[in-house]
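The values are calculated or read from the model by the stated rules, or taken from the named source; none is laboratory data. All figures in this text were calculated on a predicted structure; none of them were measured in a lab. Positions of Cβ are backbone-derived with ideal geometry, glycine not excepted, and every protein chain shown enters the neighbour counts. These area figures cover heavy atoms from the full protein model, side chains too; ligands, DNA and RNA do not enter into them. Shrake-Rupley method; radii C 1.70, N 1.55, O 1.52, S 1.80 Å.
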Amino acid sequence: MTQPSFATHEVFNQSPPFEDVDLFALDRPLGDAVAANGGGAAEKELSEFGRHWGSAAMAERGRLANENTPKLRTFDARGNRRDVVEFHPAYHELMAHSAHAGVHNSTWDTQGRPAGGASEVVRAARFYMAAQVETGHLCPITMTRASVAALASQPDLLAKAMPVIATRSYDPGFTPWWTKRGMTLGMGMTEKQGGTDVRSNMTRATRDGDAYRIVGHKWFMSAPMCDAFLVLAQAGEGLTCFFMPRFAPDGSVNALHFQRLKDKLGNRSNASSEVEFENAYGLRVGEEGKGIRTIIQMVQLTRQDCAIASVGLMRSGLAHALHHARHRSVFQKHLADQPLMQAVLSDMALHVEASVALVMRLCRSFDRAPDDAGEAAYVRLLTPAIKYWTCKSAPGFLYEAMECLGGNGYVEEGILARHYREAPVNAIWEGSGNVMCLDVLRALSREADAASAVLQGLVGETEGLPGASETAAFIGKIFRWPDSERVARLAVEKLALLAAAAALNQISPRSAELFAATRLAATHPAMYGAVDLASADIKSLLMRALP
Ligand SMILES: Cc1cc2nc3c(=O)[nH]c(=O)nc-3n(C[C@H](O)[C@H](O)[C@H](O)COP(=O)(O)OP(=O)(O)OC[C@H]3O[C@@H](n4cnc5c(N)ncnc54)[C@H](O)[C@@H]3O)c2cc1C
């Protein structure tokens, strides 16, 4: 498109912004994956969400929220403690839009029980689309949704909090949670001496009537303006989970003292604090000494969201890359028509198509797990494997997507630089890569029969796909090795690839065949586009990805 001319030159051959699009309608692999996993009836509302989040106005909110980072106001002008964090209005607007669509609560009913139906799949589709626009604000959104699973261990507390969690209002006011129109929750586990090893937590909780007083610190505690946090602290019987609100029951500000905000690589719109608890008020959640068992219910769900967000980021990278390649000409020919660029883009499209099929299949298991032991076993074994594979593949994928836009991909005006900086955090938090692999090994050793049934299910679902039976045999063999930790990364990656091929096979057998040929029958090369797909396959993959 020709643009108005400058004194020295005319502007042309720049791709128009990828904005004011329907993020749902343009994404056939997403629509197919939602339908295949039981969410087809929500197509209309997902398209509405896709149009809204694909608008230029939402993109602008994402930019503003990240350029105007949150600020900690520890004290007021007179030296009184305030411990509040100020966010740009755009951040609050993003929060309000997500809350309005129920991204923070729609998998629960008003009592905090699983909402049933395809609520996980439908909500995941929203989370995935929102992640394409702005991921920082999704941190409190995912934590709020996930906290309900841990609060279920304390039914009296859940019954009080649920009416405020279950609303679709976002209320940013700094007032006690029980007075608000809607509330958000965060999580505090990581301390200076240990994040993975939460058993080393030093923060202590002492009984004070029906409540506890908590003394100690957290080295990372994100979204500090949440209305309450689920924190781990050592009580008489050992590590215990506590509900720590920003306000004590008498209406005074609870003693959560923020030391500073982290200066982070990405995830800039979200604040991540270092905090001290100086005799802070807390209520026990679950039994004393059962803190890990309680909070892991929450972490299981945030891990699921890390995977969904990572695939959302990759989808955005792919869509921007494809859009640019269709508008940008080099050597008198659109990039999208150059065979080498087609090889890169189609290989990337295949990766995203398999990834979205996989995360939506996982969400179907979350939907069905309460009534189906087989689906519960799928959730248990595959959530860490899928988090591992999707989150760890996102940074490399986004780097490639950025390169498809050339220099424009690398500058901050575009969204890809922000996505690239954001991507690694999903692999680090909620259990880093190695921790996910150890978790898969734990599921295999503690629930061996259930895990083996899941693997058998994948074998059936991938029957006839190139390399599938060999991959399954290899996984089975490697997991039986006495020294399996040393080879766990290889086996977990292969497990995720097999599960992805199985999920894709239910949606698009032709894509599943290509995926298996390039990822199961052969080791995928380090770079995208270094595989040989037929030109007919390339065309169909790219049309499915972005018509
Ligand atoms: C932006 C951001 C926000 C965060 N927000 C929060 C928050 O809100 N609440 C919260 O509680 N935490 C939060 N965290 C902390 C995060 O969850 C931890 O950083 C993470 O769990 C890793 O813990 P760690 O940093 O102590 O690293 P470590 O536990 O020291 O781990 C370092 C590395 O060693 C690996 N490793 C650990 N154990 C083993 C093993 N047995 N064998 C092999 N390798 C191993 C890990 O995979 C990791 O790669 C946040 C982190 C970031 C970056």
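Can you find a residue in the stretch 196-203 that is of a type in the set (Asp, Glu), within 12 Å of the ligand (Cβ to nearest atom) and in the same structural domain as Pro249 (by TED's automatic domain parsing)? For the stretch 196-203, residues of a type in the set (Asp, Glu), within 12 Å of the ligand (Cβ to nearest atom) and in the same structural domain as Pro249 (by TED's automatic domain parsing): present.
The one condition from (1) within 15 Å of Lys218 (Cβ to Cβ); (2) near the ligand (Cβ under 10 Å from one of its atoms) that Cys241 does not meet is (2). If only residues of the stretch 35-82 that are open to solvent by 80 Å² or more (accessible area, probe 1.4 Å) and of a type in the set (A, V, I, L, M, F, W, C) are counted, the one that is nearest to the chain's Cα centre (by Cα) is Ala41. Which ones in the stretch 77-114 are under 28 Å from Arg61 (Cβ atoms) and of a type in the set (A, V, I, L, M)? Of everything in the stretch 77-114, those that are under 28 Å from Arg61 (Cβ atoms) and of a type in the set (A, V, I, L, M) turn out to be Val84, Val85, Ala90, Leu94, Met95, Ala96, Ala99, Ala101, Val103. Selection of helices (runs of 4 or more DSSP H) fully inside the stretch 377-454 by the criterion of at least 1 residues being within 15 Å of the ligand (Cβ to nearest atom) and open to solvent by less than 40 Å² (accessible area, probe 1.4 Å) returns 416-428, 433-446. Just one of the listed residues (Leu335, Leu318) is at pLDDT 95 or above, aliphatic (A, V, I, L, M) and in contact with a strand residue (DSSP E or B) (Cβ under 8 Å, 6 or more places away or on another chain), and it is Leu335. Candidates are the residues of the stretch 314-351 that are over 20 Å from the mean Cα position of the chain (by Cα) and of a type in the set (Lys, Arg); the one that is surrounded by the fewest Cβ atoms within 10 Å (Cβ to Cβ) is Lys333.
With the structure loaded, tell me whether Ala473 is closer than 18 Å to Ala385 by Cα, in a helix (DSSP H, G or I), among the aliphatic types (A, V, I, L, M) and open to solvent by less than 30 Å² (accessible area, probe 1.4 Å) or whether it fails that test. No.
Here the condition is being more than 16 Å from the ligand (Cβ to nearest atom), touching a Leu at 6+ places or on another chain (Cβ under 7 Å) and either at pLDDT below 95 or among the basic types (Lys, Arg) (or both); of Arg361, Arg293, Arg328, it holds for Arg328 alone.
Selection of the stretch 493-518 for residues being in contact (Cβ under 8 Å) with a residue 40 or more places away in the chain and closer than 18 Å to Ile478 by Cα yields Glu493, Leu495, Ala496, Leu497, Leu498, Ala499. Of all residues in the stretch 276-290, those that are surrounded by fewer than 22 Cβ atoms within 10 Å (Cβ to Cβ) and within 16 Å of the ligand (Cβ to nearest atom) total 1. Would you call Ser432 touching a Ser or Thr at 6+ places or on another chain (Cβ under 8 Å) and polar (S, T, N, Q)? Taking the combined requirement at face value, the residue satisfies it.
Scan the stretch 216-237 and tell me whether some residue there is in a strand (DSSP E or B), touching a residue at least 40 places away in the same chain (Cβ under 8 Å), open to solvent by 40 Å² or more (accessible area, probe 1.4 Å) and more than 11 Å from the ligand (Cβ to nearest atom). Looking through the stretch 216-237, none of the residues is in a strand (DSSP E or B), touching a residue at least 40 places away in the same chain (Cβ under 8 Å), open to solvent by 40 Å² or more (accessible area, probe 1.4 Å) and more than 11 Å from the ligand (Cβ to nearest atom). Inside the stretch 162-195, residues that are in contact with a strand residue (DSSP E or B) (Cβ under 8 Å, 6 or more places away or on another chain), without any contact (Cβ under 8 Å) to a residue 60 or more places away in the chain and not charged (D, E, K, R) make up a count of 6. Yes or no: the stretch 156-165 includes at least one residue that is under 17 Å from Pro140 (Cα atoms), open to solvent by 30 Å² or more (accessible area, probe 1.4 Å) and aliphatic (A, V, I, L, M). No; the residues of the stretch 156-165 include none that is under 17 Å from Pro140 (Cα atoms), open to solvent by 30 Å² or more (accessible area, probe 1.4 Å) and aliphatic (A, V, I, L, M). Residues in the stretch 16-34 that are surrounded by fewer than 19 Cβ atoms within 10 Å (Cβ to Cβ) and over 12 Å from Met129 (Cα atoms): 5 in all.
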